Amino acid sequence: MPIKFPFSRRAAPSDAWTKCPTCDAQVFNKQLERNQRLCPSCGHHFRMSVGERIDLLLDPGSFEERDAGLESVDRLGFHDDRPYADRLETSRLKTGLRDAVVWGIGSIDGRRVAIGIFDFRFMGGSMGSVVGEKLARCFETALSDRIPAIVVSASGGARMQEGTLALMQLAKTTAPLVRLDDAGVPLITVLTDPTTGGVLASFASLGDVILAEPRALVGFAGARVASDTVGEEMPEGFQSAEFLLAHGFIDAVVPRPDLRASLSRLLRLLPVAAVEDGQPVSADRGRGPLGAISGLAERLGGAVSETIGIDVETAADGNGTGPSSPSIPGREEST
Ligand SMILES: [Zn+2]
């Protein structure tokens, strides 16, 4: 007679835990939710949804979403192995969001900010026309309301399904930053895992202060493409937040539990410039964002077309149906 065990082996559904990509620990999802999505064994920073970011960073109940109704359309009738319209619909159902960015007005310790937050689950946080438009409106509102702007990025780059329209978002999101700069309105960017491609090559690298979460992947093209472009081996870990901090590209690596306090301190230290006679008090700023971006393009050999070579779908959908292109190795969060 077979021995009957009191508990079924199937008692825990396979989606109840996530394997930590850093220390291989099996972490219960409930535990992650309670722990700011940090691995309890090694502190690995798992990706967060927009809602979790709002709860983490903003004063409770202070967030008011803007432009919630903006929705991407398939202007090009784009089709790879699946129509773009299908991919949009799948992402909407999966995330409950209309596109990969949510923006609005909220406050941090009572200071109002215009904040844009990416959700990597929505087509890998890729930037198409709607993402670019929302961020541009976020920056324009920061300018007109004279409040600081914050963007929390998590993106595979430009949305390849929108082709040139997606690449135009680099200019659309960058242009308002020149006006913010002239007006003395600060922008703080928070680079989370991963921040790559056209998002890094536009507003994300143009913050007055650029923060990053520990071990976040931050880079322009995939590691192999970057090596091939410059024709040499790149150093180990050259696309990690820590490497970029050591080389002066970002200002601080801030562990998630300290992020809110760091932002609050920066908002206190970086007040919006005073206005005299309707004009901001002039500050002689020697360099603008455009100088920085052209410098970035130069250093990277102008490989803008490779931006969309990063497969943002593999990690996002977990079904590997994206077009064949280099994925981000070792970055998939298996569940
Ligand atoms: Zn871990």
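None of the figures in this text is laboratory data; all of them are computed from the coordinates on show. Nothing here was measured: the structure is a model prediction, and the numbers come from that model. Every residue, glycine as well, gets a Cβ built from its backbone with ideal geometry; the counts of neighbours run over all protein chains shown.
One way to sum up the overall shape of the stretch 75-123 is the equivalent ellipsoid from its Cα gyration tensor, whose semi-axes run 31, 11, 7 Å, largest first. Spin-label model, Asp24 to Asp81: label points 7 Å out along the Cα-to-beta-carbon direction sit 3.0 nm apart. Among Asp81, Asp258, Asp145, Asp119, the ranking by other beta carbons within 10 Å of each residue's beta carbon, starting with the fewest, stands as Asp81, Asp258, Asp145, Asp119.
Residues Arg137, Arg268 in ascending order of nearby Cβ atoms (within 10 Å, fewest first): Arg268, Arg137.
Note on the stretch 221-249 and the stretch 165-212: Cα centroid distance 20 Å, given to the nearest whole angstrom. Say R0 is 45 Å: what FRET efficiency, to the nearest 0.05, do Asp109 and Ser227 get from their beta-carbon distance? In this case the efficiency is close to 0.55. Multiplying the residue separation of His247 and Ala68 by 0.36 nm and subtracting their alpha-carbon distance yields 60.6 nm. Counting other Cβ atoms within 10 Å as a rough exposure proxy, the listed residues Phe78, Phe220, Phe63 run Phe78, Phe63, Phe220 from fewest neighbours to most. For the stretch 183-253, the equivalent ellipsoid derived from the Cα gyration tensor has semi-axes of 22, 13, 10 Å, listed largest first.
Here is the tail figure for the stretch 112-188: Cα pairs spaced more than 14 Å apart come to 58 percent of all pairs. The calculated pair-distance distribution of the stretch 32-83 uses every alpha carbon pair, bins of 5 angstrom beginning at 0, and gives 4, 13, 16, 13, 12, 12, 13, 12, 4, 0 percent. Cross-link check: pairs Lys94/Lys172; Lys19/Lys134; Lys94/Lys134 evaluated at a Cα-Cα cut-off of 23 Å; pairs beyond the cut-off: Lys94/Lys172; Lys19/Lys134.
Across the stretch 1-158, the volume of the C-alpha convex hull divided among the residues equals 177 Å³ per residue. Overall shape of the stretch 150-286 was characterised from the C-alpha gyration tensor. The equivalent ellipsoid obtained from it has semi-axes of 28, 20, 13 Å, in decreasing order.
With both labels modelled 7 Å from their Cα along Cα-to-Cβ, the Leu270 to Gln36 distance reads 1.9 nm. Cα centroids of the stretch 258-278 and the stretch 18-64: 27 Å apart.
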